[in-house]
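Here is the structure we will look at.
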Amino acid sequence: MFQSALRLIYPPRCVSCGEMVERDFALCMTCWGQMDFIAGLVCDCCGTPLPGEDGGTPEYCDDCLARPRPWSRGRAALLYRDKARKLVLSFKHGDRTELARPAAEWMLRAGRAILTPGMVVAPVPLHRWRLLRRRYNQAALLSQALAEGASLAHIPDLLIRRRKTRVQDGMGAEQRFANLAGAIAVHPRHRERLRDRTVLLVDDVMTSGATLSVAAEACLAAGAKEVRILVLARVAKAS
Ligand SMILES: [Zn+2]
Ligand SMILES: [Zn+2]
């Protein structure tokens with residue numbers, strides 16, 4: 001009753017363009033068609049789309065082959081471009097926190113193959129001063145919605161930033177990796193919980209993978225058995 005009264009006052013709208021839609025937290029047909037959802041054969045490590053058919057054996061992209069990742073498997077829901085890029089940016093900087101729910105649904109669909117029971121879900125941390133300015137960590141909103149949707153344990157403060165790092169926009173991959181070395185650690189309080197568990201690291205965007213690498217290394221150093229990653233959007237090279 002309350003729900004339907006709410007619907008009369010606030011009819012559900014497309015999270016991208018604001019058109020009225022059938023249900024809450026969804027996209028209209030037009031925006032759905034224009035979003036670059038990743039499907040088909042993907043790199044088993046980072047989720048970037050690969051040419052060819054899915055033959056059931058893991059395949060890897062050139063980036064992951066050239067730079068072995070500390071995590072074992074990974075998936076991404078969207079390609080970070082055009083409409084999807086706009087949506088991710090409005091989530092990051094525009095206080096569109098309501099996007100976490102549909103985004104987590106897309107990520108769950110993309111990541112189905114790499115989820116295992118007993119996993120611990122954790123976000124890539126945001127440095128405190130950046131958290132204050134933005135008021136929320138978009139990765140933590142995603143990881144919380146994801147953990148709920150998949151009935152997995154969520155540890156929002158599993159990882160902490162040990163020091164301030166420079167904003168990475170405009171840096172090349174090498175610079176990004178150097179900028180971040182040792183910058184993330186497992187919160188001492190959670191070390192025990194991590195032992196021999198598989199961790200699912202969540203972030204909004206993966207570019208070079210530098211931040212995720214440092215975060216994954218911190219988990220492994222603290223005793224995690226394995227780390228997998230799931231991101232909302234993957235920056236893929238133009239093919
Ligand atoms: Zn729309
Ligand atoms: Zn890859």
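The values are calculated or read from the model by the stated rules, or taken from the named source; none is laboratory data. In this text the structure is predicted, and so the values were computed from the model without any measurement. Neighbour counts run over all protein chains shown; Cβ positions are idealised from the backbone, glycine included. To get the accessible areas, we keep the full protein, side chains included, count just its heavy atoms, and leave off ligands, DNA and RNA. Shrake-Rupley method; radii C 1.70, N 1.55, O 1.52, S 1.80 Å.
Based on the mean of other beta carbon atoms within 10 Å per residue, what is the order of 50-56, 75-81, most packed first? Kindly include the intermediate steps, with their values, before the conclusion.
Details: 50-56: 9.4, 75-81: 22.9.
So the peptides 50-56, 75-81, ranked by packing, come out 75-81, 50-56.
Given the Cα-Cα distance of LYS237 and ASP82 and 0.36 nm per residue of separation, how much length would full extension add, in nm?
On the way: separation 155, 0.36 × 155 = 55.80 nm, distance 1.38 nm.
Stretched out fully, the LYS237 to ASP82 stretch lengthens by 54.4 nm.
So, in Å, what gap is there between the alpha-carbon centers of the range 47-125 and the range 148-219?
If you average the Cα positions of each part, the centres end up 15 Å apart.
Given the options LEU159, GLY118, VAL205, identify the residue whose Cα lies farthest towards the positive end of the charge dipole of the chain (+1 on Cβ of Lys, Arg; -1 on Cβ of Asp, Glu).
With unit charges placed on the Cβ atoms, the residue in question is LEU159.
Determine, for the chain, the count of lysine pairs separated by eight or more sequence positions (or lying on different chains) whose alpha-carbon distance falls under 28 Å. Don't skip to the answer; put the middle values down first.
Details: LYS83/LYS92; LYS83/LYS237; LYS86/LYS164; LYS86/LYS237; LYS92/LYS164; LYS92/LYS237; LYS164/LYS225.
Taking the Cα cut-off of 28 Å, the pair count is 7.
So, by mean Cβ neighbours within 10 angstrom, what's the order for 183-193, 211-221 with the highest one leading?
211-221, 183-193
Can you give the alpha-carbon Rg of the range 182-239 over 2.2 N^0.38 Å, where N counts its residues? Each step should come with its number before you reach the end.
Numbers: Rg = 12.6 Å, N = 58, 2.2 N^0.38 = 10.3 Å.
That works out to 1.22 for the range 182-239.
Per residue and in cubic angstrom, what volume does the convex hull of the Cα atoms of the chain have? Could the numbers behind the result be given before it?
Details: hull volume 35.1 nm³, N = 239.
Once divided by residue count, the hull of the chain is 147 Å³.
Roll a 1.4 Å probe over the protein chains and send me the accessible area per residue for the chain in Å². Please list the in-between numbers first.
Working: 12490 Å² over 239 residues.
I get 52 Å² per residue for the chain.
If I compute solvent accessible area with a 1.4 Å probe over the protein chains, what percent of it on the range 78-210 is carbon and sulfur? Write down the numbers at each step before the final one.
Values: 3270 of 6590 Å².
In the range 78-210, the share of accessible area belonging to carbon and sulfur is 50 percent.
Which value, in Å² and to the nearest 10, is the accessible area of THR30 when all protein chains are kept and the probe is 1.4 Å?
It works out to around 90 Å².
Which value, in debye to the nearest 20, describes the size of the charge dipole of the chain about its Cα centre when Lys and Arg Cβ atoms bear +1, Asp and Glu Cβ atoms bear -1, and nothing else is charged? Let's see the in-between values first.
Values: 36 positive and 24 negative charges, 218 e Å.
In debye, rounded to 20, the chain gives about 1040.
Quick one: plug the Kirkwood hydrodynamic radius of the range 10-83 (C-alpha pairs) into Stokes-Einstein at 4 °C, 1.567 mPa s, and report D in µm²/s. Walk me through the numbers on the way to the answer.
Numbers: Rh = 14.4 Å.
Diffusion coefficient, whole number: 90 µm²/s.
So how exposed is TRP71, as accessible area in Å² (1.4 Å probe, rounded to 10)?
For TRP71, solvent-accessible area is about 10 Å².
Under a 10 Å cutoff between Cα atoms, tell me which one of ASP63, ASP196, ASP169 has the largest fluctuation in the Gaussian network model of the chain.
ASP169
Could you order PHE37, PHE91 by accessible surface area, starting with the largest, using a probe radius of 1.4 Å? Mind showing how you got there, number by number?
Details: PHE37 60, PHE91 0 Å².
Listed by decreasing accessible area, they come as PHE37, PHE91.
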